[in-house]
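Computed from the coordinates by the stated procedures, all read-outs in this text should not be read as laboratory data. Quick caveat, the model's predicted, so the values are computed rather than measured. Positions of Cβ are backbone-derived with ideal geometry, glycine not excepted, and every protein chain shown enters the neighbour counts.
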Amino acid sequence: MTSKKIYIHLVGPRGFCAGVDRAILMVEEALKKYGSPIYVRHEIVHNKYVVEDLKNKGAIFIDELDEISDLSRPVIFSAHGVPKSVPIEASHLNLKFYDATCPLVSKIHREVENFERLHLPILLIGHHNHPEVIGTMGQVKSPIYLIEKEADLNKLTIPKNQKIAYVTQTTLSLDDTELIVQAIKKKFDHVIEPRKNDICYATTNRQEAVKKIAALCDIFIVIGAQNSSNSIRLVEVAKLNGAKNSLLLENIEKFDNKILENVNNIGLTASASAPEILVQNFIEILKKKYDIAVYEQDYIPENVNFKIPHQLKTIN
Ligand code: SF4
């Protein structure tokens, strides 16, 4: 151990959100109820540690339903949501299926259905090819216009006086999204907004907590996955709010200590799909090398809980 003193500012809320907790519990309960294997369509949440753990318990991850070799086994859809065509295909194949779509994503699915019923052109602020975006677009027959950045609005040929509606992906940057929303309102005279902000409570709280201490930090480390939207947003938020540096750490074992050469204050958080054990193990790794002091602060209380379908409950 070197004598170098490093202060870790561990922010909360961090880590698993209610939607991720529910999705993982659904797979675990399905394994208890039906035994293995259980098929899971797509990474149940974007985190390799979680996926590997469930694989070891008997889950088989697939990209599409036609990869299922034993149609007698149940399949679970991931927390990001699926296009309507997926449960339809599952029914045609006579599969037993459970949908782990986060209820906050399902809320957006119902919003786009409602906007379609009202014959409104729908804009979706989100990231191309993200499974949540694919799932939301697949809820309706009419086209949904994907807006990734303000400039995408220039491509739209919808008249200014046409009433339009927008929804957003749940895991976006609050500040970037607000700028796009303002631009939408400038471009169109009549904009119907979601009844409640689509960016979910967990994304909001994790970003707001990072903002509280970003300016104190020489580096802000976000434990999360490269393909996780909410992880990447936390890295951006830290940097934009004053952290001298910020990085996404997927594999804690591969952390390069050289990054800490001129660092005394580390901000540390975990994305909504990263388990707390990775945070604690990372702190232990640093303790072997440095004189570490951890300051933990929970900035926003969270008490959201989503129930799993009663058919999957093995205990009451
Ligand atoms: S990040 Fe938000 S929308 Fe996504 S699973 Fe968690 S609570 Fe649900």
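Laid out as a table, the results:
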| read-out | value |
| --- | --- |
| Gaussian network model of the chain, springs between alpha carbon atoms under 10 Å - residue of Ser229, Ser85, Ser246 with greatest fluctuation | Ser85 |
| Spatial separation of Cα centroids for segment 161-224 and segment 266-316, in angstrom | 23 |
| Check: the chain dipole with +1 on Lys, Arg Cβ and -1 on Asp, Glu Cβ, in debye | 440 |
| Prolate/oblate/rounded label for segment 188-308 (Cα gyration tensor, a/c 1.5) | prolate |
| Cα-based shape type of segment 1-139, given that a ≥ b ≥ c are square roots of the gyration tensor eigenvalues and the cut on a/c is 1.5 | oblate |
| Residue-averaged [θ]222 nm for the chain, counting only DSSP H segments that reach four residues, each worth -39500 (n - 2.57) | -10500 deg cm²/dmol |
| Nonlocal amide H pairs with Ala270, under 5 Å, H built at 1.01 Å | Gly15, Ile223 |
| Positive-end residue, segment 54-199 charge dipole about Cα centroid, Cβ charges, pick of Leu93, Ile62, Ile158 | Ile158 |
| Semi-axis lengths (Å, descending) of the ellipsoid that matches the C-alpha gyration tensor of the chain | 34, 29, 15 |
| Long-range amide H partners of Asp198 with built H, under 5 Å | Thr168 |
| Per-pair calculated FRET efficiency, R0 = 45 Å: Arg117 and Glu253 via Cβ, rounded to 0.05 | 0.35 |
